[in-house]
Amino acid sequence: MTLAHDFPVWAAILVAFFVLGGSAITLVGSLGLLRLGTFYARTHAPTLGATMGMGTILCGSALYFSVLETRPVVHEVLIAVFITLTTPVTLMLLARAALYRDRAEGSPDVPAAERMEEAPQRPESAENRSEHEEPAR
Amino acid sequence: MSEFLLTWSLVLAQILLGLAMCCATFRLVTGPRAQDRILGLDTLYVNAMLMVVTFGIRSGSSLYFEAALVISLLGFVATVALAKFLMRGEVIE
Amino acid sequence: MSWLLPYPLLTAALLALWLLLNQSVSPGQIILGSVLAILAAWMMAALRPQKPRIRRPVAVFRLAGIVLVDIVRSNLAVGTIILSARKPGLNAGFMTIPLDMKSPQGLAVLSIIITSTPGTIWLNYDAAKGTLLLHVLDLVDETVWIRTIKGRYERLLMEIFE
């Protein structure tokens, strides 16, 4: 624990506010992972931590190091940019994979594929595969 | 005054983030389906990254920044590979 | 000049990344970072990606401001739903939105905006019909969401990219 003794109070209050607010928002998002009922509803929960929770905690970190080293420390921007660009990509891929699996199983809860080439072509499980009688290659 | 405030707010923030990681781990362990587990893993790595950032503030060393950067990049690659696996049943086609 | 800098925005972003990672703006780092960024942009030119044209740089900042405000607002909205609803997620549902935008860069930016705003997630874009499949956490009134996405984001993105 090497916190500076002469750290200004106004900055300490701001850092505490940012860090506590961000972690509280992240906790709410992760609670959503437990409370929401279906998979597609649950995909909305992690974005809370990945947008505002991440943003406020990184703000707090940048402010703390800038005041501590008395020079602007802004390399936290890099983490923010990476997370902002990557989290939507992973969530989209994951939701599309789940949609594909649900359609392959014929689940009534998801909208059906509108065009033939979107519809799942390849059966997933071994039982399905034996029904379709793929020709041996 | 400021040392007291920072110490306790960081401890409290780490407790909150630890609870958030517990929620994500619960979803990772219980499922019910594979996509729920991967969603739990995705949340877990973002929460772990934020936890590392708070550790960095606590210790006053900016070395933790690199660790957080690596966690965020590796977590992205892992989740993409797992989602691809769910979609096709194989990672490298 | 275009043989030296085929992708000026990419080069500038890579140089900024290099300087941020090294945490210094000394002349040596600037020269080394510039050389690396220009080399990387040349390698990118070998891949021949489609070059995006940003028509109105002012609209980029307006869009960024709007998205920032919307992310904060929907964070609070989704947080309220998670904490206070007795059975959260009952109103969740799928919806389709017809889009007029055709530019691939604009669609990519729109997908990132929609997915990173809590409460909405981009599922599928049908290029033949120009429709977008979304999943929305709080699907009470579809017209509100259509108005938000088409009026707030799509119009500005079309101004920027088309």
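The values are calculated or read from the model by the stated rules, or taken from the named source; none is laboratory data. Since the model is a prediction, treat every value here as computed from it, not as a measurement. Note that each Cβ is placed from the backbone with ideal geometry, even for glycine, and that neighbours are counted across all protein chains shown. For the accessible areas, the whole protein counts, side chains as well, though only heavy atoms, and no ligand, DNA or RNA atoms are used. Shrake-Rupley method; radii C 1.70, N 1.55, O 1.52, S 1.80 Å.
Details
- Of all residues in region C:87-96 being of a type in the set (A, V, I, L, M, F, W, C) and surrounded by fewer than 20 Cβ atoms within 10 Å (Cβ to Cβ), the one that is farthest from the other protein chains (Cβ to nearest Cβ): C:MET95
- Residues that are modelled with pLDDT of 80 or more, among the β-branched types (Val, Ile, Thr) and within 25 Å of the chain's Cα centre (by Cα) occur in region C:41-62; there is at least one.
- Failed criterion for C:SER111 (all others in (1) open to solvent by 50 Å² or more (accessible area, probe 1.4 Å); (2) free of Cβ contacts under 8 Å to residues at least 40 places away in the same chain; (3) within 22 Å of C:ALA77 (Cα to Cα) hold): (1)
- Hey, A:PHE18 in contact (Cβ under 8 Å) with a residue 12 or more places away in the chain, open to solvent by 20 Å² or more (accessible area, probe 1.4 Å) and in contact with a helix residue (DSSP H, G or I) (Cβ under 6 Å, 6 or more places away or on another chain) or not: yes
- Of residues in region B:26-44 being more than 7 Å from chain A (Cβ to nearest Cβ) and either surrounded by 13 or more Cβ atoms within 10 Å (Cβ to Cβ) or within 17 Å of the chain's Cα centre (by Cα) (or both), the one farthest from A:THR43 (Cα to Cα): B:VAL29
- Residues of region A:39-82 that turn out to be within 30 Å of C:ASP138 (Cβ to Cβ) and either open to solvent by 30 Å² or more (accessible area, probe 1.4 Å) or in a helix (DSSP H, G or I) (or both), as a count: 23
- For A:LEU94, the criteria (1) part of a loop (DSSP other than H, G, I, E, B); (2) under 24 Å from C:LEU107 (Cβ atoms) hold in every case but one, which is (1).
- Number of the condition not met by C:GLY119 [criteria: (1) facing chain A (nearest Cβ under 8 Å); (2) open to solvent by 10 Å² or more (accessible area, probe 1.4 Å)]: (2)
- Reported count of residues in region C:14-29, each being surrounded by 14 or more Cβ atoms within 10 Å (Cβ to Cβ) and more than 19 Å from B:SER62 (Cβ to Cβ), is 2.
- When region B:47-66 is limited to residues that are modelled with pLDDT under 90 and open to solvent by 30 Å² or more (accessible area, probe 1.4 Å), the one that is farthest from the other protein chains (Cβ to nearest Cβ) turns out to be B:LEU63.
- Some residue of region A:72-91 being polar (S, T, N, Q), in contact (Cβ under 8 Å) with a residue 40 or more places away in the chain and within 7 Å of another protein chain (Cβ to nearest Cβ): yes
- So A:PHE7, is it open to solvent by less than 30 Å² (accessible area, probe 1.4 Å), farther than 30 Å from C:ASN91 by Cβ and in a loop (DSSP other than H, G, I, E, B): yes
- Filter pass, A:ALA95 being modelled with pLDDT under 90 and touching a Ser or Thr at 6+ places or on another chain (Cβ under 8 Å): yes
- Checked against the criterion of being without any contact (Cβ under 8 Å) to a residue 24 or more places away in the chain, over 23 Å from A:LEU31 (Cβ atoms), within 12 Å of chain A (Cβ to nearest Cβ) and open to solvent by less than 60 Å² (accessible area, probe 1.4 Å), region C:134-152 contains not a single residue that satisfies it.
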